[in-house]
Amino acid sequence: AQKITQTQPGMFVQEKEAVTLDCTYDTSDPSYGLFWYKQPSSGEMIFLIYQGSYDQQNATEGRYSLNFQKARKSANLVISASQLGDSAMYFCAMREGGRGSTLGRLYFGRGTQLTVWP
Amino acid sequence: SQTIHQWPATLVQPVGSPLSLECTVEGTSNPNLYWYRQAAGRGLQLLFYSVGIGQISSEVPQNLSASRPQDRQFILSSKKLLLSDSGFYLCAWTWGSGSYEQYFGPGTRLTVT
């Protein structure tokens with residue numbers, strides 16, 4: 001079974017509008033972390049935001065927020081006030097195991113291509 | 001601050017030729033290191049990871065291998081490339097414990113012809 005599912009291959013949003021990118025995950029580990037990365041056309045992977053499974057509040061980083069719904073196993077990324085520079089591929093990822101895990105591997109979804117138009 | 005380097009940035013190699021991609025990390029010690037491959041339009045597939053010098057774990061059996069000769073150096077190799085080895089190779093690092101984010105290098109785009 002897929003550990004990370006991103007069902008939106010592509011999304012379009014007008015500049016200055018908000019957009020939500022969907023991500024669902026599958027794990028039986030009670031301790032895990034969820035990540036979002038941005039990959040512009042240059043190929044670099046840019047870390048955006050992190051949510052721990054025990055965090056009580058949704059994570060926020062500037063214009064990025066993570067809508068964490070634990071019971072539904074979803075971790076959607078919300079980008080507010082979209083900018084043209086937000087056009088990129090966005091990946092959701094999960095790490096199983098709590099703090100101190102020496103493995104730290106990430107499981108990635110297939111990504112969502114976001115296009116911001118003026 | 002920590003930085004991660006990869007080279008070369010792009011590479012075009014014929015089928016059957018050897019491969020060596022290098023990744024180095026600066027500004028930290030004893031990092032966990034990872035090699036990922038990204039096929040066109042796909043997510044990232046973990047190939048190898050290492051928690052220390054000489055310690056390599058493989059996720060996907062294939063004709064690739066990895067080595068970690070120094071604490072902050074991670075090398076991806078192949079004796080004979082296949083067409084299916086084409087892709088975007090990304091190296092990443094994280095601290096062994098207490099940190100969650102993985103930080104990625106700029107990547108190497110490999111085309112096997």
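Please tell me if A:Pro118 is touching a strand residue (DSSP E or B) at 6+ places or on another chain (Cβ under 8 Å), within 25 Å of B:His5 (Cβ to Cβ) and more than 10 Å from chain B (Cβ to nearest Cβ). Criteria not met by A:Pro118. For region B:44-59, taking the residues that are hydrophobic (A, V, I, L, M, F, W, C) and away from chain A (no Cβ under 12 Å), the one that is surrounded by the most Cβ atoms within 10 Å (Cβ to Cβ) is identified as B:Ile56. For first residues located in region A:5-34 and in contact (Cβ under 8 Å) with a residue 40 or more places away in the chain and within 13 Å of chain B (Cβ to nearest Cβ), partners that are surrounded by 12 or more Cβ atoms within 10 Å (Cβ to Cβ) and charged (D, E, K, R) and lie 6+ apart or on another chain with Cβ distances below 7 Å form the pairs A:Gln6/A:Asp22; A:Gln6/A:Arg110; A:Tyr32/A:Arg95; A:Tyr32/A:Glu96; A:Gly33/A:Arg95.
Looking at this structure, is A:Gly52 of a type outside the set (Ser, Thr, Tyr) and touching a residue at least 12 places away in the same chain (Cβ under 8 Å)?
It is true that A:Gly52 is of a type outside the set (Ser, Thr, Tyr) and touching a residue at least 12 places away in the same chain (Cβ under 8 Å).
In the set B:Ser1, B:Ser65, only one residue is within 22 Å of A:Tyr37 (Cα to Cα), free of Cβ contacts under 8 Å to residues at least 40 places away in the same chain and surrounded by fewer than 17 Cβ atoms within 10 Å (Cβ to Cβ); that residue is B:Ser1. Remark: B:Asp85 matches the filter, which requires a residue to be farther than 19 Å from A:Phe47 by Cα, surrounded by 18 or more Cβ atoms within 10 Å (Cβ to Cβ) and acidic (Asp, Glu). Looking at A:Tyr54, A:Tyr37, A:Tyr90, just one residue is within 14 Å of another protein chain (Cβ to nearest Cβ) and in contact with a Lys or Arg (Cβ under 8 Å, 6 or more places away or on another chain), and that residue is A:Tyr90. Scanning region A:35-44 for any residue that is in contact with a Pro (Cβ under 9 Å, 6 or more places away or on another chain), more than 28 Å from B:Val51 (Cα to Cα) and of a type outside the set (Asp, Glu) turns up at least one such residue.
Count of region A:57-70 residues, restricted to those that are surrounded by 15 or more Cβ atoms within 10 Å (Cβ to Cβ) and within 14 Å of chain B (Cβ to nearest Cβ), is 3. Pick from region A:7-52 the residues that are under 17 Å from A:Asp86 (Cβ atoms) and aromatic (Phe, Trp, Tyr): which of them is surrounded by the fewest Cβ atoms within 10 Å (Cβ to Cβ)? Restricting to residues being under 17 Å from A:Asp86 (Cβ atoms) and aromatic (Phe, Trp, Tyr), the top hit is A:Phe12. Within region B:1-10, being of a type in the set (A, V, I, L, M) and part of a loop (DSSP other than H, G, I, E, B) holds for one residue alone: B:Ala9.
Bear in mind these aren't lab numbers, they're just calculated from the coordinates by the rules spelled out. Worth saying up front: this structure is predicted, and the values here are computed from it rather than measured. Here Cβ is always computed from backbone atoms with ideal geometry, including for glycine, and neighbour counts include all displayed protein chains.
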